Amino acid sequence: MSLDPVDLLQQLIRIPSVNPMGRNISDPCFGEGRLTDFLQSHCEQRGLRWLRQKVHAGRDNLIALVPGTPAAADGGEFLLWDVHQDTVPGDGMTVDPFGGEVANDRVYGRGACDVKGSMAAMLAAVSRSLGVRDRSERPTIAMAFTVNEECGFSGSRALSTLWHRCSDESTAVVAGSCTAAELIPRAPDAAIVAEPTSFNIVTAHNGVVRWRCHTIGRAAHTSRPEAGINAIYGMAEVVRSIQQYHLDL
């Protein structure tokens, strides 16, 4: 049975999943746990296999498997659909952050755009695909509901360990109806990440590179500064070059 994405979005908004951002997670509005439970139940009702991956105490990634033909392990196309569970706080909102009310053909509430609207759309799309009788030549989809996107991206980093088969604690599976190897047998061929983009397809994203740069000088006596090289002046040239590069971009 197909889902009504608007009704589903209202349900999602009414389950607070505010990123604690260092606050006390015992507050009922903070943390993704209640939303994760709802999503797990939703997947179970549709016969999807799933697993929960511990990222932080009481905060789990949930990954569900939408099987395709041929299977990913047999060389079939394998896609990752990623959507984060957390939202920013509702401070300063002039409507009920968790009301999910509809007005003027729009749904209002914290996360309506970022990104529970996309979550509802993905869930509705999967529900529709499960109702299609001819499932030949369809991709396998690992649908990941990750935590802590708004403050650190640790959920996404933990997710990637499932196909890198890392041995650190971030791979810890706390529950599931299948193993990580069954769910994600290899790295995905492509990924769709749900973020509000005004319905534009975005194929790249701002990134960051952190590096250290050293300039080398030569010490000299203050009576003969011309015999030395001031490393600070060299670094100033580097900074000016970076500034110009930024302006060129």
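Quick note: the coordinates plus some simple rules give every number you see, no bench work behind them. Keep in mind that this is a model prediction, so the values were computed, not measured. In this analysis, Cβ positions are derived from the backbone assuming ideal geometry, glycine residues included, and neighbour counts consider all displayed protein chains.
Results, tabulated for the structure shown:
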item: Chymotrypsin sites (Phe, Trp or Tyr not before Pro) restricted to the range 110-163 and DSSP loop, no more than 14 other C-beta within 10 Å; result: Phe153
item: Distance from the range 106-129 to the range 222-249 (C-alpha centre basis), Å; result: 51 Å
item: Cα gyration tensor shape for the range 79-174, rounded if a/c is under 1.5, else prolate or oblate; result: oblate
item: Loop sites in the range 1-68: trypsin sites (Lys or Arg not before Pro), DSSP, at most 11 other Cβ within 10 Å; result: none
item: Relative contact order (percent, whole number), the chain, Cα cutoff 8 Å, 6+ residue spacing; result: 24 percent
item: The range 117-249: Rg to Rh, with Rh as the Kirkwood radius over Cα pairs; result: 1.23
item: Shape box of the range 209-249 [Cα atoms, principal axes, largest first, Å]; result: 43, 19, 9
item: Within the chain, helix-based [θ] at 222 nm, where runs of 4 or more DSSP H residues each add -39,500 (n - 2.57), nearest 500; result: -8500 deg cm²/dmol
item: Cα shape, the range 1-121, gyration tensor, a/c 1.5 rule; result: oblate
item: Loop-located trypsin sites (Lys or Arg not before Pro) in the range 145-249 whose Cβ has at most 16 other Cβ within 10 Å (DSSP); result: Arg165, Arg186, Arg210, Arg212
item: Calculated from backbone phi, Karplus (6.51, -1.76, 1.60) coupling profile of the range 84-92 in Hz, x at Gly/Pro; result: 8, 8, 7, 10, 6, x, x, 4, x
item: Vicinal HN-Hα couplings computed from phi for the range 14-20 (Karplus, 6.51 cos²θ - 1.76 cosθ + 1.60; Hz; Gly/Pro x); result: 6, 10, x, 9, 6, 5, x
item: Long-range amide H partners of Gly76 with built H, under 5 Å; result: Ala71
item: Calculated Cα extents along the principal axes in Å (choose from (i) 86, 51, 37; (ii) 47, 41, 31; (iii) 52, 44, 32), label; result: (i)
